[in-house]
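A.B. asks: What follows is a single structure, and I will ask about it in a moment.
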Protein chains: 2
Amino acid sequence: MPTSRTGQHAATLKEVAARAGVSQATASRVLSGHPATSEASRLRVAAAARELDFQPNAQARSLRSAHTGTVGLLIPDVRNTFFAELAQGVEQEALAHGYVNILGNANENVRQQDAYLEALMRQRVDGVIIAPQGDGSGAVGRLLRRRIPVVFVDRTVTGIPVPAVTTDSEPGLREAISHLRAHGHHRIGFIAGPQTTSTGRERLEIFRQLMAEYHLPLREEHLFIGDFQPASGALGIDELLGTTRPPTAIISADSPMTAGAVSRLHARGLRPGRDIELVAFDDIDWFSLLDPPLSAIAHSATEMGRCAMRMLCDVIAGRTPNSRMLPSTFVARGPLAAAAPATPSESEAY
Amino acid sequence: MPTSRTGQHAATLKEVAARAGVSQATASRVLSGHPATSEASRLRVAAAARELDFQPNAQARSLRSAHTGTVGLLIPDVRNTFFAELAQGVEQEALAHGYVNILGNANENVRQQDAYLEALMRQRVDGVIIAPQGDGSGAVGRLLRRRIPVVFVDRTVTGIPVPAVTTDSEPGLREAISHLRAHGHHRIGFIAGPQTTSTGRERLEIFRQLMAEYHLPLREEHLFIGDFQPASGALGIDELLGTTRPPTAIISADSPMTAGAVSRLHARGLRPGRDIELVAFDDIDWFSLLDPPLSAIAHSATEMGRCAMRMLCDVIAGRTPNSRMLPSTFVARGPLAAAAPATPSESEAY
DNA sequence: CGATTCCATGGAATCGCTTCCATGGGTGAT
DNA sequence: ATCACCCATGGAAGCGATTCCATGGAATCG
């Protein structure tokens, strides 16, 4: 059992060594698993450490050995379920690799992102996983100049060559649009994310291409650029429904905006899935609890997080992992889940 | 602009001092805002630091000065919106006080909680905010023995005298039960949280007392003990509805269990708020988007987080802040929002 | 004008740990 | 029995900052 130390200050290696009757060097070797130790000293040191309730000082250790055993994870918004799950994925994998995770929340705000990155650099984290925003002009650039291992997750920054794990939004969006068309929707609106983020740009771009490919008319007034936050989803609904020929279906580029959109539709007395079709990017558990349930484009946040952390381990180890794209799939629910008249090929697929 | 250093290694104070043509001591004083510095050296050092893109090494600094500028926040589940918001609150306040926040996720698991606490102690955080579980026998006890500043948030551990900010669940539950009774519900079920957590125990206890106080019959088979996770909410529904005289209303002790409960009710073809009344503890934004919307007991997670962080600052400063209880309120929605026949006093309150 | 005070400064110790290097005893090979 | 080798060990040098203490020049006072 831990001894009667009053706990005034944490025990140091020196004290442990003294108590075990060995040198500091030997004590250090035992405690950090160095092979060149004898059974005898191993036992003595282990006992002393236990008795003194010894916890190595991570600061001192990393000051000397140049790595800290911590990694930083910077996400744009903890309250966004997608990123919360992503964080959980990173964390699980980090723990498995013996890393501690410092989670920072940029609040969809470049300044706060940079402030956090500075803090992470000061903490000398061994690597950083970041879902970046803006261009690489701020702290992201400094990170790279310092040769700190970095992995991008979910988002990227154009022109910055960093391994990334992202979602291939194309298959999910394709299926969604194909479903919508099959169900008779020709005027499809899009509530996009901020064009300062790669996902914001990319999903909008793919949407445009697919609309063209499926020969669906796209009016600029059926596009709304939001900021990935709930309020802008609500605003998007107002804008899109205020047009002369409003869309009959709307795709929203992330779940917080979708929440805002659903809320505003309710306020207008419209029910998504009945009076107007709504498809969300990101599949959040409560979407299926609405009545009718919401169709969504799903991709695994947890898997993305785990993957990013494994990649970061590679970068830290000096390797250069390839970027990865995880698939997205369309989850048809409510009216869209019913068989559509004009798409025999897809129905046969099941 | 930052100079042409290749960024091979981070600049050290020594290099800055050399470039500025002053001693290390002076450079240190300038950079840490010590008053005893001349205008001249202040300018020279600042310039040198900027040119070398100097970032003080937090490890070295805290090795010497015994505080690290980091605090730890340990929550049971990031994916639980309540705790995500709480984390956001803590983080905002921490940032405002110049602290960086290491967020740990215990996953509602005592072992993982203890593993994280060990890591935080190794990192020599200046303080810890924790929503604890279990008794104080594990790492929580060691934390205190080490005299590391600790604040409990949301939950507490009985017998451990640590400042805490918690929710007073009584007013919210009282209003909820009073509303339910006014609307003719006499058989009220309860899906409780794990009895290893203070909130799990407390909410159940208060529920019992209030049922007695309102002269409502309480059957043990209308109580289900879950684990604060979605699956147990679903299980709770099965158990409670499997009784010979099932409850007409159910209160669920947190939002993930509520999500599970709603989901299971759907699967059974029942709609909460219509076929059976359901009231959630924790008010999550999508509750109001269901049809009919879900009534809930609300308390502010963000405020709780901010409050906890302020309290932790007090503890770190050597003060002994008083524990605080934040109020809970009942948000009546759907059928429960309609005026009830038999409660004139409450209706008049508005 | 000489003495006291003040303040910016540099030298050097220190925080707790890791790790290089030299040492010495024990082992296996010849 | 002798030599080479191996391996556990201790001494000591840092890692990069902060901070105490002594110092010397300028400013202030009598």
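The values are calculated or read from the model by the stated rules, or taken from the named source; none is laboratory data. What you are looking at is a predicted structure, and each value in this text was computed from that prediction instead of being measured. Quick reminder, even Gly has a Cβ in these numbers, built from the backbone with ideal geometry, and neighbours come from all protein chains shown.
A.B. asks: Just to be sure before I move on: is residue A:35 buried (at least 16 other Cβ atoms within 10 Å of the Cβ), within 15 Å of DNA strand D (Cβ to nearest atom) and within 25 Å of residue A:313 (Cβ to Cβ) in the structure I sent? Break it down into steps so the answer makes sense when it comes.
C.D. replies: Numbers: buried (at least 16 other Cβ atoms within 10 Å of the Cβ): no; within 15 Å of DNA strand D (Cβ to nearest atom): yes; within 25 Å of residue A:313 (Cβ to Cβ): yes.
When the stated conditions are applied, residue A:35 does not pass them.
A.B. asks: Oh, and also: Would you point out which residue out of B:103, B:86 is more than 10 Å from the chain's Cα centre (by Cα) and buried (at least 22 other Cβ atoms within 10 Å of the Cβ)? Quick ask: steps written out before the conclusion?
C.D. replies: Values: B:86 fails: more than 10 Å from the chain's Cα centre (by Cα).
Of B:103, B:86, the one residue that is more than 10 Å from the chain's Cα centre (by Cα) and buried (at least 22 other Cβ atoms within 10 Å of the Cβ) is B:103.
A.B. asks: I've got another one for you. Looking at region A:67-83, which of the residues that are within 16 Å of DNA strand D (Cβ to nearest atom) and not polar (S, T, N, Q) is nearest to the chain's Cα centre (by Cα)?
C.D. replies: The selected residue is A:69.
A.B. asks: Can you tell me how many residues in region A:156-193 are in contact with a strand residue (DSSP E or B) (Cβ under 7 Å, 6 or more places away or on another chain) and charged (D, E, K, R)?
C.D. replies: 2
Listed here are the residues, each with its yes/no results for (1) within 30 Å of residue B:147 (Cα to Cα); (2) aliphatic (A, V, I, L, M); (3) touching a Lys or Arg at 6+ places or on another chain (Cβ under 6 Å).
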| residue | (1), (2), (3) |
| --- | --- |
| B:168 | yes, no, no |
| B:182 | no, yes, no |
| B:188 | no, yes, no |
| B:194 | yes, no, no |
| B:214 | no, no, yes |
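A.B. asks: Okay, moving on. List, please: which pairs have Cβ atoms under 6 Å, are six or more places apart or on different chains, and start with a residue in region A:2-18 that is at pLDDT 90 or above and end with one that is within 15 Å of DNA strand D (Cβ to nearest atom) and not hydroxyl-bearing (Ser, Thr, Tyr)?
C.D. replies: Listed by first residue and then by second, the contacts come to A:13/A:24; A:13/A:27; A:14/A:24; A:16/A:27; A:16/A:48; A:16/A:49; A:17/A:24; A:17/A:27.
A.B. asks: Could you grab me the full set of residues in region A:270-305 that are closer than 18 Å to residue B:287 by Cα, more than 21 Å from the chain's Cα centre (by Cα) and in a loop (DSSP other than H, G, I, E, B)?
C.D. replies: A:270, A:271, A:273, A:290, A:291, A:292, A:293, A:294
A.B. asks: Could I ask something else about it? With the checklist (1) farther than 24 Å from residue B:58 by Cα; (2) assigned to a loop (DSSP other than H, G, I, E, B); (3) touching a helix residue (DSSP H, G or I) at 6+ places or on another chain (Cβ under 8 Å) in hand, flag the one item residue A:108 doesn't pass.
C.D. replies: With (1) farther than 24 Å from residue B:58 by Cα; (2) assigned to a loop (DSSP other than H, G, I, E, B); (3) touching a helix residue (DSSP H, G or I) at 6+ places or on another chain (Cβ under 8 Å) applied to residue A:108, the lone miss is (3).
A.B. asks: Related question: Among the residues of region A:118-139, which ones are in contact with a Leu (Cβ under 7 Å, 6 or more places away or on another chain), within 14 Å of chain B (Cβ to nearest Cβ) and at pLDDT 90 or above?
C.D. replies: Listed by number, the residues that qualify are A:128, A:129.
A.B. asks: Name the residues in region B:89-126 that are aromatic (Phe, Trp, Tyr) and within 17 Å of residue B:79 (Cβ to Cβ), would you? Please lay out each step first, then the result.
C.D. replies: Start the filter on region B:89-126 by keeping residues that are aromatic (Phe, Trp, Tyr), which leaves B:99, B:116.
Within region B:89-126, B:116 is the sole residue that qualifies.
A.B. asks: For residues that are surrounded by 17 or more Cβ atoms within 10 Å (Cβ to Cβ) and within 12 Å of DNA strand C (Cβ to nearest atom), scanning just region B:43-59, find the one that is farthest from residue A:60 (Cα to Cα).
C.D. replies: Looking at residues that are surrounded by 17 or more Cβ atoms within 10 Å (Cβ to Cβ) and within 12 Å of DNA strand C (Cβ to nearest atom), I get B:44.
A.B. asks: Only one of A:64, A:44, A:50, A:19 is within 12 Å of DNA strand D (Cβ to nearest atom) and more than 10 Å from chain B (Cβ to nearest Cβ). Can you tell me which?
C.D. replies: None of the others qualify; the one that does is A:44.
A.B. asks: What single numbered condition from (1) of a type in the set (Val, Ile, Thr); (2) surrounded by 19 or more Cβ atoms within 10 Å (Cβ to Cβ); (3) touching a residue at least 60 places away in the same chain (Cβ under 8 Å) fails to hold for residue A:276?
C.D. replies: (3)
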